[in-house]
Amino acid sequence: MLIAAAVCPCPPLLVPEVAAGAAPELDGLRAECFEVIHALAAARPDRLIVLGPADRAGRGPHAQGAPGSFRGFGVEVDVRLAAPVAGESGREGAADGGSSRSLPTSLAVGAWLLEHAGWDPAVPVEGLGVGEPLAAERCIQVGRELAGRAERVALLVMGDGTACRTLKAPGYLDERAAAFDAEVARSLAAADTGALAALDEELAYELKAAGRAPLQVLAGAGEGARLKGELRYDEAPYGVGYFVASWSS
């Protein structure tokens, strides 16, 4: 059953080494991400599942300890997904099991956030790369399946809003983007699973909203959980919609 969730954006710029001189601009966003991760830890889940958008190579499950890297962005920063402490509970093998495939960028950002938020690696963690074209119905079904993985499941959902909020945005300005992001923000604040499930797939694709599929997985996982939502961040630096939200009982 889903007992807590956090939503964070997944731009590589959250990693200060990648952002370089622009890093201070996102200090407030990083701080909010750490706070919602602390709230996840406080919920004492039996299992944490980190999910985010992924291309074909990064789709599917990623084991605890799976490696990720930001070297493709010109910095020597490597991460592992909540790497277990060697010898603890016999779970050091999880790191080996996760080493066959690299994390997609969204999950690498999630791994970086977990590390810098001080996540306890003794809590089981797994990753799931979600294909951005995944149909809403399938996303919702995946979410239901994830919620049934343990008695106390928590989700860390990585995903951005639209990339068309300003003229300098990656997708240029689209007048529909602000309304789309406003609906996402409202849905997250209200923990409205029905509204997230109803997000328009085609419109999300046109507006380059990379978080649509992970958010609809969250919608499926949260059905019937009766969680309360709190929206902590809703802005569009660089013309991309970023949200930070916390769902709890």
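The values are calculated or read from the model by the stated rules, or taken from the named source; none is laboratory data. Since this is a predicted model, take the numbers as computed values, not measurements. Glycine also receives a Cβ, built like all others from the backbone with ideal geometry; neighbour counts cover every protein chain displayed. Heads up: the accessible areas ignore ligands, DNA and RNA and are worked out on the full protein's heavy atoms, side chains in. Shrake-Rupley method; radii C 1.70, N 1.55, O 1.52, S 1.80 Å.
A few remarks follow.
- Most positive-pole-ward Cα, 241, 209, 220, against dipole of the range 129-249 from beta carbon charges: 220
- MRE, 222 nm, helices only [DSSP H, n ≥ 4, -39500 (n - 2.57), over the chain, to nearest 500]: -10000 deg cm²/dmol
- In terms of overall dimensions, the range 31-88 has a Cα radius of gyration and Dmax of 13.8, 36 angstrom.
- Ellipsoid semi-axes for the range 160-206, based on the Cα gyration tensor and the rule √(5λ), read 21, 11, 7 Å when sorted largest first.
- With at most 14 neighbouring Cβ atoms within 10 Å, loop GluC sites (Glu not before Pro) (DSSP) excluded, longest segment of the chain: 1-75
- Extension gain, residue 35 to residue 151: 0.36 nm times the residue separation minus the Cα-Cα distance gives 39.4 nm.
- Exposed-loop-free span, longest in the chain, where trypsin sites (Lys or Arg not before Pro) count as exposed if DSSP calls them loop and at most 11 other C-beta atoms lie within 10 Å: 1-167
- Fully extending the segment from residue 1 to residue 137, taken as 0.36 nm per residue of separation minus the present Cα-Cα distance, adds 47.0 nm.
- What the Cβ-Cβ distance of residue 179 and residue 116 gives, at R0 = 35 Å and to the nearest 0.05, is a FRET efficiency of 0.55.
- Taking chymotrypsin sites (Phe, Trp or Tyr not before Pro) across the range 96-194, the ones in a DSSP loop with at most 15 further Cβ atoms lying within 10 angstrom of their Cβ are 172.
- The largest-to-smallest principal axis extents of the Cα set in the range 179-218 are 25, 21, 13 Å.
- Accessible surface of the chain, 1.4 Å probe, proportion on carbon and sulfur as whole %: 51 percent
- Whole-number accessible area per residue in Å² for the chain, which is evaluated in the context of all protein chains at 1.4 Å: 43 Å²
- Share of alpha-carbon pairs per 10 Å distance bin for the range 7-60, given as whole %: 20, 39, 34, 7
- Short-range pairs are left out: with C-alpha atoms under 8 Å and at least six residues apart, the relative contact order of the chain is 29 percent.
- Rounded if a/c under 1.5, otherwise prolate or oblate - the chain, Cα gyration tensor axes: oblate
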